[in-house]
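Visitor: For reference, the structure I am asking about is given below.
What follows draws every value from the coordinates through simple rules; no lab data is involved. Just so it is clear, the model here is predicted, and its values are computed rather than measured. Cβ: placed from backbone, ideal geometry, glycine included. Neighbour counts: every protein chain shown.
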Amino acid sequence: MSFDSAAAAADIFDRLGVPRPEGTLVSCSPIDGGALGGVAPSPAAQVGEAVERAHAAFLAWRGVPPPRRGELVRLFGEELRREKEALGRLVSLEAGKILQEGLGEVQEMIDICDFAVGLSRQLYGLTIATERPGHRMMETWHPLGIVGVISAFNFPVAVWAWNACLAFVCGDAVVWKPSEKTPLAAVAVQALFDRAAARFGDAPPHLSQVVHGARETGEALVDHPKVALLSATGSTRMGRAVAPRVAARFGRVLLELGGNNGMVVAPSADLALAERAVAFAAVGTAGQRCTTLRRLFVHERIYDTLVPRLKEIWASVPVGNPLEEGTLVGPLIDEEAVAAMARALDAARAEGGIVHGGDPLGGLCVRPALVEMPGQTPITLTETFAPILYAMRYATLDEAIAAHNAAPQGLSSAIFTNDLREAELFLSAAGSDCGIVNVNIGPSGAEIGGAFGGEKETGGGRESGSDAWRAYMRRATNTINYSRDLPLAQGIDFAMP
Ligand code: NAD
């Protein structure tokens, strides 16, 4: 029976009780090219109107006590639980990831809802020792304003949730520009949010809005002076364009950009674990995760054991329709992604690589490529958003760490070792220079409880767990004088005549 993605999308919108979106920006499934629906692009003037509406929502929402704000996010989490299957399926249809990963992405939204609900009672500030008698000093955290979220195609819903759920409990309003390649998932998420808001009762209208379009729509958010925080996820090229524009108006920016993630496999590693971790991290999501494993440094003593085993996995991993049981690798997002993969493999060959796999399999499906490289050449230092793993030998851990850190990006990293000294060195200040550093698990598949993000060309932002919430609030330092005197800081004598 042939697969019909458009009919599958229609069923999902029926189930959600949302009319199938119609508009000139058409979303086509990478699975079979079917037109899933369309949205109307928002020109800059409409983005401006959305921001003004968000501002009004913010002025009301900031006065709502944080635990009550958390209640809205709790209700939204309930809607997500109810529609996990439908939304996960829509993510698979639109982004091409396997159903397990589509469902996992929605689970990540549910998890961040739970986290944010707890956080809504924990937006703590410090009480600070003051040098002046009869004084008290403290810091308070206030809602920041409007958070603009620009998201990438490969995590079409979870990244918004990481930002938005924190922003809502922090008292902010959110305007979201999803990727123009995955706009329908955003329509569905907004519908679920609206359901939660209706059950909540008195949330201000327009607390959460979606604007659609490509770069120009994003730029209107980037440049709007009322967008207090611009959180942008996507390529380093996008971040390079966005960061100076936000800086020019002294806005805040949170950047989650490209990765070029590495793993070191040391001689003491549990190779059975390592091979599974390498496979999930390198070929999972068809190599289209920011945390995808792209560079593998294998100790020379075990290289000829591990790499042949990986070649077998690469040759046999099931590639195809991501909604079919058993498929582990779905299609790439579009023709350009397939062409970019072919160009990268040509470059790797020209730089001395031996390419295994990497062939087009029809449609937008490709066999993942494992490339044995003589060393770290320019192509290995480039993020190609496709399932290409460059494998290299190393002799000493210092050499492997230096090669690992030579990448311009700094998102995620891992070491497989059972040697405590090696593990600790990799985690230390002299070890991996990434924002995420793992031992005996791969670089992809982070949990929401930790702060997520990376250094260097990855942009330096942190979202999701830990204290990432602080980016969505403004800090005020307060000093209160309860004495009958006016002592000045630093002992300054300013006696009036
Ligand atoms: P992309 O940069 O092409 O687009 C991302 C978003 O930015 C889209 O919504 C796009 O419309 C918008 N955009 C592009 N140029 C813009 C500009 N000049 N001004 C304003 N908005 C602009 O990225 P993509 O192809 O959708 O996603 C893949 C990339 O995203 C990879 O590099 C991947 O590593 C990265 N990514 C990073 C993270 C992270 O957390 N670090 C997560 C997911 C994806």
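Visitor: Quick one: net charge of A471's neighbours, Cβ under 15 Å, K/R +1, D/E -1?
Guide: +1
Visitor: Give the Debye-formula value of log10 I(q)/I(0) at each listed q (0.09, 0.11, 0.22 Å⁻¹), with one equal scatterer per alpha carbon of the stretch 1-138, two decimals each.
Guide: These q points yield log10 I(q)/I(0) values of -0.46, -0.63, -1.22.
Visitor: Hey, another quick one. When the convex hull of the C-alpha atoms of the stretch 307-386 is computed, what volume per residue in Å³ does it have?
Guide: 86
Visitor: I need W141, W160, W176, W61 ordered by Cβ neighbour count within 10 Å, fewest first.
Guide: W141, W61, W176, W160
Visitor: Round to the nearest 0.05 the FRET efficiency obtained for T130 and A429 when R0 = 35 Å and r is the Cβ-Cβ distance. Walk me through the intermediate numbers first.
Guide: Values: r = 33 Å, r/R0 = 0.95.
The value I calculate is 0.60.
Visitor: Taking every DSSP beta bridge that has both residues in the stretch 392-468, what percent is antiparallel when rounded to the nearest 5?
Guide: 50
Visitor: Applying the Karplus parametrisation 6.51 cos²θ - 1.76 cosθ + 1.60 with θ = phi - 60° to the phi angles of the stretch 231-246, what ³J(HN,Hα) value in whole Hz is obtained for each residue in order, glycine and proline being reported as x?
Guide: 9, 10, 10, x, 6, 4, 4, 4, x, 5, 7, 7, 4, x, 5, 5
Visitor: At most 12 other C-beta atoms within 10 Å and a DSSP loop state: those are the exposed GluC sites (Glu not before Pro) I care about. Give me the longest piece of the chain that has none. Write out the running numbers ahead of the final one.
Guide: On the way: sites that count: E22, E131, E300, E325, E447.
In short, 132-299.
Visitor: What translational diffusion coefficient, to the nearest whole µm²/s, does the chain have by Stokes-Einstein, given a Kirkwood radius computed over alpha-carbon pairs, a temperature of 10 °C and 1.306 mPa s viscosity? Walk me through the numbers before you get to the answer.
Guide: Working: Rh = 23.9 Å.
Stokes-Einstein gives a translational diffusion coefficient of 66 µm²/s.
Visitor: Cα centroid distance between the stretch 1-57 and the stretch 270-324, in Å?
Guide: 34
Visitor: Further, regarding this structure: Where does each of M109, M137, M238 land when they are ranked from fewest to most other beta-carbon atoms within 10 angstrom?
Guide: Least to most surrounded, the residues fall as M137, M238, M109.
Visitor: How big is the stretch 390-497 on each of its three principal axes, counting only the C-alpha atoms and giving the largest first in Å?
Guide: Extents along the principal axes: 78, 28, 27 Å.
Visitor: Got a sec? Charge dipole of the stretch 192-294, +1 on Cβ for Lys and Arg, -1 for Asp and Glu; which of T291, A248, N260 is way out at the positive end?
Guide: A248
Visitor: Report the calculated FRET efficiency for A241 and Q46 (r = Cβ-Cβ distance, R0 = 25 Å), to the nearest 0.05.
Guide: Result of the calculation: an efficiency of 0.75.
Visitor: Moving on. So if we plug the beta-carbon distance of N478 and A402 into 1/(1 + (r/R0)^6) with R0 = 56 Å, what FRET efficiency do we get, rounded to 0.05?
Guide: Once the sixth-power term is evaluated, E becomes 0.75.
Visitor: Could you pull out which residues in the stretch 389-411 have an amide N less than 19 Å from a spot 7 Å beyond the Cα of R301, following the Cα-Cβ vector?
Guide: Of the residues in the stretch 389-411, 392-401 have backbone N under 19 Å from the label point off R301.
Visitor: Let me ask you something else. Roughly speaking, what is the centre-to-centre gap between the stretch 84-118 and the stretch 142-181 when only Cα atoms are used, to the nearest Å?
Guide: 15
Visitor: Would you kindly derive the ³J(HN,Hα) couplings of the stretch 26-40 from the backbone phi angles with the Karplus curve 6.51 cos²θ - 1.76 cosθ + 1.60 (θ = phi - 60°), listing them in order in whole Hz, with x for Gly and Pro?
Guide: Result, rounded to whole Hz: 8, 9, 10, 6, x, 6, 9, x, x, 7, 7, x, x, 10, 8.
Visitor: Write down the percent of antiparallel bridges among all DSSP beta bridges whose residues are both part of the chain, to the nearest 5.
Guide: 35
Visitor: Just how large is the dipole of the stretch 207-280 about the Cα centre, in debye to the nearest 20, putting +1 at every Lys and Arg Cβ and -1 at every Asp and Glu Cβ? It would help to have the intermediate numbers written out before the result.
Guide: Numbers: 8 positive and 6 negative charges, 73 e Å.
Roughly 360 debye, rounded to the nearest 20.
Visitor: What is the order of R484, R367, R15, fewest Cβ neighbours within 10 Å to most?
Guide: Ranking R484, R367, R15 by Cβ neighbours within 10 Å, fewest first, gives R484, R15, R367.
Visitor: Multiply the residue gap between I354 and A395 by 0.36 nm, knock off their C-alpha separation, and tell me the result in nm, one decimal place.
Guide: On the way: separation 41, 0.36 × 41 = 14.76 nm, distance 2.01 nm.
Taking I354 through A395 to full extension adds about 12.7 nm, to one decimal.
Visitor: Using only DSSP helix segments of four residues or longer, with each worth -39500 (n - 2.57), what per-residue ellipticity at 222 nm results for the chain after dividing by its residue count and rounding to 500?
Guide: Mean residue ellipticity at 222 nm (helix-derived): -12500 deg cm²/dmol.
Visitor: Please state, as a whole number in µm²/s, the translational diffusion coefficient that the Stokes-Einstein equation yields for the stretch 319-452 at 25 °C and 0.890 mPa s, with Rh defined as the Kirkwood radius across alpha carbon pairs.
Guide: 148
Visitor: Report ³J(HN,Hα) in whole Hz for each residue of the stretch 196-209, in order, from the Karplus equation J = 6.51 cos²θ - 1.76 cosθ + 1.60 where θ = phi - 60°; Gly and Pro get x.
Guide: 4, 5, 5, 5, 5, x, 10, 5, x, x, 6, 5, 10, 9
Visitor: While we're on this one: In nanometres, what is the gap between the two model label sites at L486 and R215, each 7 Å from Cα along Cα-to-Cβ?
Guide: Once both label points are built, they end up 5.6 nm from each other.
Visitor: Multiply the residue gap between D4 and R309 by 0.36 nm, knock off their C-alpha separation, and tell me the result in nm, one decimal place.
Guide: Taking 0.36 nm per residue and subtracting the Cα distance, the gain is 106.2 nm.
Visitor: Taking 7 Å along the Cα-to-C-beta vector as the label spot, tell me the A347-D114 distance in nanometres, rounded to one decimal.
Guide: So the label points at A347 and D114 sit 4.1 nm apart.
Visitor: In addition: Using the Kirkwood formula on the Cα atoms of the stretch 253-406, what hydrodynamic radius do you get, in angstrom to one decimal? Kindly include the intermediate steps, with their values, before the conclusion.
Guide: Numbers: mean 1/r = 0.0640 Å⁻¹.
Kirkwood hydrodynamic radius for the stretch 253-406: 15.6 Å.
Visitor: Let me ask you something else. Compute the separation of the alpha-carbon centres of the stretch 419-497 and the stretch 229-246 and state it in Å as a whole number.
Guide: About 21 Å separates the Cα centre of the stretch 419-497 from the one of the stretch 229-246.
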